[in-house]
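The values are calculated or read from the model by the stated rules, or taken from the named source; none is laboratory data. This is a predicted model, so every value here is computed, not measured. Reconstructed Cβ throughout: ideal geometry from the backbone, glycine too, with neighbour counts over all protein chains shown.
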Amino acid sequence: MDFPTINPKAQQFDAEVLSNKRVGSYNHMVFSVNEIASYARPGNFVAISVGGPGTSMVLRRAFAIYRATVKPDGQGLLELVIAPFGNGSTWLSNRQVGDLVNMVAPLGTAFGIPTEPVRALLVGGGYGSAPLFALAEVLKSRGCRVDMVLGASTAAKIYAPLEGKRSVSSLTITTDDGSAGTHGRVSDVIPGIIASSNIEIIYSCGPMAMLAAITNISKERGIMHQCSVEESMACGIGVCMTCVLPVEGEDGVVRMTRTCIDGPVMDGSKVTWTKSREVPDGVWGK
Amino acid sequence: MTFDFSTAMSGARFSNPILTASGCAGSGKELSQFFPLSELGAIVTKSIMVKPRSGRATPRMAETPSGMLNSIGLQGPGIDQFLENDIPWLKEQGVKIVISIAGETVEDYAVLARKVRGVPGITALEVNISCPNVENRGQVFACNPDTARDAISAVRRNIGGEVPIIAKLTPDVTDITEIAREVVDAGADGLALINTLLGMVIDTNTMFPKLSQKTGGLSGPAIRPVAVRAIYQVHAALPETPILGMGGVVSGRDAFELVLAGASAVSVGTATFGNPTAAMVIKQELEEICIQRGFQNFRDAIGFAHRAEGDHAE
């Protein structure tokens, strides 16, 4: 039996910090990496060891890859957007140029790219916008029209770099406090954009509640929805079993499924979105 | 003179003393991308139950100072699918296999032992008795001498003579040597020390316990002194009973500490979450330390901290 395992391209390696810049509430960091940069696809993530020798932080931190590129001279570049709010991400955001960090990458599934040009809507919540700009570039290069919605609690938490915006036909901003763009949530503006742009597929990345809301909207309209989920992980490589979600498999059975292996990118319509702290009824083995 | 790194536990022989810890190596396939599993002394599988288990709801995990709390709930496919899918693949890797089993009733342990008995090529059976006993108000088997004995007796009667039984004990008891004596009397060939300690984290923002199940098992370097203490006490009480030591080992130095306390082999668990190649790093470092300390044979280091003052490695 061929049971699911980690991204076959994943490697463990030390990566050197090439640059580290503060952008709004976030840090944009560039790392020098090996050939894995050519294997990384939009949606893949990286698991990073934090804290340095003797640290009390024993678990890896997972970050969506913002962009992975290979320079003409063959050097691989891996870019991340870090939101420094915990001890681990704060440690990482304090690394200086020339420092080394230990990574395992690329991990997880990638956003599926349609074979035909389609009209796509990309929705990011907070730093969940990180993997969407590379995705937008790929979609645009395939002849797709790309609209984008970015939402956050406040203006400083919108991550929308200038170079990223080049690949999108329209960008709509929402903030919970009204400090930028539309006062409200991404789910308030999505139905209008779906209608005006004849959207055929939604790609999303952000908090679970946002992904659940988008799933409802897309299901009602029969639109495909690929979402990148954020469930906390201890390892990123499929061995700790902490990052699970109830997800329907190809056989129609709902299982507690590892989001580091079968995700982070998943078909939103297959996920049982639940706020309760119980395993939903009908899950295999409950 | 070459250093002999091999070890043994009641007839189970290992080329080196570094094993995985149950529930910390997935199906094995995940880690095989980082090193050949055959480099391990053995792989200890996740604790498998009679039937498929969904495990708990999330959040299942909270990081703690030098450790983590987990409440996975023994998610797994059940013994039949496990023996059909996971074991054949592991055998192809040329790695020795220790199957870990867990039950909710004494009869579960008997059923699991009979299933494993029919499988050739299993090096040892770890019996995880740190599980709630549904027939005894959910009290953990390993917290009570009688239920610990019942579970191990059930396995002993059903496993046959060839596969050594290793009973995995919880440190959450008043006197771990009392439980150790009971399970050895009941037929355990070796002991796995220690399982996680029960703990809780409360999220001070939501002001609720962080894990969906409220409590979880604490692992990682934070519990290493508890492991060293438990291994030392049990080795002193039962010097002839081999111990598979575990609890917060992240370096060769840590593994050596457990060996000095009395462990014949060492399992690596939480360290693998932080570093997929942790077991290989620990193995190399442990070998170097043993040689530096003057040991020519790994087995001479087992329980060395129990020697009389003035004794030396030579």
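Looking at this structure, is B:Ala167 among the small types (Gly, Ala, Ser) and part of a strand (DSSP E or B)? Criteria met by B:Ala167. When the test is whether a residue is more than 27 Å from B:Ala110 (Cβ to Cβ), within 12 Å of chain A (Cβ to nearest Cβ), among the aliphatic types (A, V, I, L, M) and not in a strand (DSSP E or B), B:Ala62 does not pass it.
For every residue, the table says whether it meets (1) within 14 Å of chain B (Cβ to nearest Cβ); (2) among the small types (Gly, Ala, Ser).
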| position | (1), (2) |
| --- | --- |
| A:Arg95 | no, no |
| A:Val104 | yes, no |
| A:Gly108 | yes, yes |
| A:Phe111 | no, no |
| A:Pro117 | no, no |
| A:Leu122 | no, no |
| A:Gly126 | no, yes |
| A:Pro131 | no, no |
| A:Ser141 | no, yes |
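Just checking, which of A:Gly74, A:Gly24, A:Gly52 is free of Cβ contacts under 8 Å to residues at least 40 places away in the same chain and over 20 Å from A:Gly236 (Cα atoms)? Don't jump to the end; show me each part of the working.
Details: A:Gly24 fails: free of Cβ contacts under 8 Å to residues at least 40 places away in the same chain; A:Gly52 fails: over 20 Å from A:Gly236 (Cα atoms).
Going through A:Gly74, A:Gly24, A:Gly52 in turn, just one is free of Cβ contacts under 8 Å to residues at least 40 places away in the same chain and over 20 Å from A:Gly236 (Cα atoms): A:Gly74.
Which residues, taken from the stretch B:27-42, are acidic (Asp, Glu), surrounded by 20 or more Cβ atoms within 10 Å (Cβ to Cβ) and more than 9 Å from chain A (Cβ to nearest Cβ)?
Quick first cut of the stretch B:27-42, residues acidic (Asp, Glu) only: B:30, B:39.
Pick out the ones that are also surrounded by 20 or more Cβ atoms within 10 Å (Cβ to Cβ) and you get B:30.
Result: no residue meets the conditions.
Among residues of the stretch B:188-209 that are farther than 30 Å from B:Ala265 by Cα, those with a beta-carbon under 8 Å from a residue that is not in a strand (DSSP E or B) at least six positions away or on a different chain give the pairs B:Val201/B:Lys210; B:Val201/B:Leu211; B:Ile202/B:Lys210; B:Asp203/B:Lys210; B:Pro209/B:Val201. The requirement of being more than 25 Å from B:Asn275 (Cβ to Cβ) and touching a residue at least 12 places away in the same chain (Cβ under 8 Å) is satisfied by B:Lys51. Can you tell me how many residues within the stretch B:125-182 are closer than 21 Å to B:Ile43 by Cβ and surrounded by fewer than 17 Cβ atoms within 10 Å (Cβ to Cβ)? Count: 1.
Every listed requirement among (1) free of Cβ contacts under 8 Å to residues at least 40 places away in the same chain; (2) part of a loop (DSSP other than H, G, I, E, B); (3) of a type in the set (D, E, K, R) is met by A:Glu220 save one, (2). Tell me, yes or no, whether the stretch B:94-101 has at least one residue that is in contact with a Leu (Cβ under 9 Å, 6 or more places away or on another chain), surrounded by fewer than 17 Cβ atoms within 10 Å (Cβ to Cβ) and farther than 26 Å from B:Val183 by Cα. The answer is yes, given that some residue of the stretch B:94-101 is in contact with a Leu (Cβ under 9 Å, 6 or more places away or on another chain), surrounded by fewer than 17 Cβ atoms within 10 Å (Cβ to Cβ) and farther than 26 Å from B:Val183 by Cα.
Restricting the search to helices (runs of 4 or more DSSP H) fully inside the stretch A:89-203 and requiring at least 3 residues that are in contact with a Phe, Trp or Tyr (Cβ under 9 Å, 6 or more places away or on another chain) gives A:132-141, A:162-165. Report yes if A:Ile6 is in contact with a Cys (Cβ under 9 Å, 6 or more places away or on another chain), buried (at least 16 other Cβ atoms within 10 Å of the Cβ) and within 11 Å of another protein chain (Cβ to nearest Cβ), otherwise no. Considered against the rule, which asks whether it is in contact with a Cys (Cβ under 9 Å, 6 or more places away or on another chain), buried (at least 16 other Cβ atoms within 10 Å of the Cβ) and within 11 Å of another protein chain (Cβ to nearest Cβ), A:Ile6 comes out as yes. Please enumerate the residues belonging to the stretch B:228-282 that are out of contact with any helix residue (DSSP H, G or I) (no Cβ under 7 Å at 6 or more places or on another chain), assigned to a helix (DSSP H, G or I) and over 30 Å from B:Glu178 (Cβ atoms). Residues satisfying the conditions are B:Phe273, B:Gly274, B:Val281.
Does the stretch A:230-243 hold any residues that are more than 7 Å from every other protein chain (Cβ to nearest Cβ) and either surrounded by 24 or more Cβ atoms within 10 Å (Cβ to Cβ) or among the hydroxyl-bearing types (Ser, Thr, Tyr) (or both), and which are they?
Applying the first criterion (more than 7 Å from every other protein chain (Cβ to nearest Cβ)) to the stretch A:230-243 yields A:230, A:233, A:236, A:243.
Once the filter is applied, which keeps residues that are more than 7 Å from every other protein chain (Cβ to nearest Cβ) and either surrounded by 24 or more Cβ atoms within 10 Å (Cβ to Cβ) or among the hydroxyl-bearing types (Ser, Thr, Tyr) (or both), the stretch A:230-243 yields A:Met233, A:Gly236, A:Cys243.
Evaluating A:Met233 against the criteria (1) touching a Lys or Arg at 6+ places or on another chain (Cβ under 8 Å); (2) modelled with pLDDT of 95 or more; (3) within 27 Å of A:Pro8 (Cα to Cα) leaves one unmet condition, (2). The single residue among B:Thr7, B:Thr45 that is surrounded by 24 or more Cβ atoms within 10 Å (Cβ to Cβ), of a type in the set (Ser, Thr, Tyr), more than 9 Å from every other protein chain (Cβ to nearest Cβ) and over 25 Å from A:Val244 (Cβ atoms) turns out to be B:Thr7.
Tally up the residues in the stretch A:246-268 that are under 24 Å from A:Ala40 (Cα atoms) and surrounded by 19 or more Cβ atoms within 10 Å (Cβ to Cβ), please. Working first, answer last.
Restricting attention to the stretch A:246-268, the residues satisfying the condition of being under 24 Å from A:Ala40 (Cα atoms) are A:257-268.
Restricting the remaining residues to those that are surrounded by 19 or more Cβ atoms within 10 Å (Cβ to Cβ) gives A:257-266, A:268.
Qualifying residue count for the region: 11.
Rundown of residues vs (1) more than 9 Å from chain A (Cβ to nearest Cβ); (2) modelled with pLDDT under 95; (3) part of a loop (DSSP other than H, G, I, E, B), yes/no style:
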site	(1), (2), (3)
B:Arg13	yes, no, no
B:Asn16	yes, no, yes
B:Leu19	yes, no, no
B:Ser22	yes, no, yes
B:Gly73	no, yes, yes
B:Asp80	yes, no, no
B:Leu83	yes, no, no
B:Pro88	no, no, no
B:Val98	yes, no, no
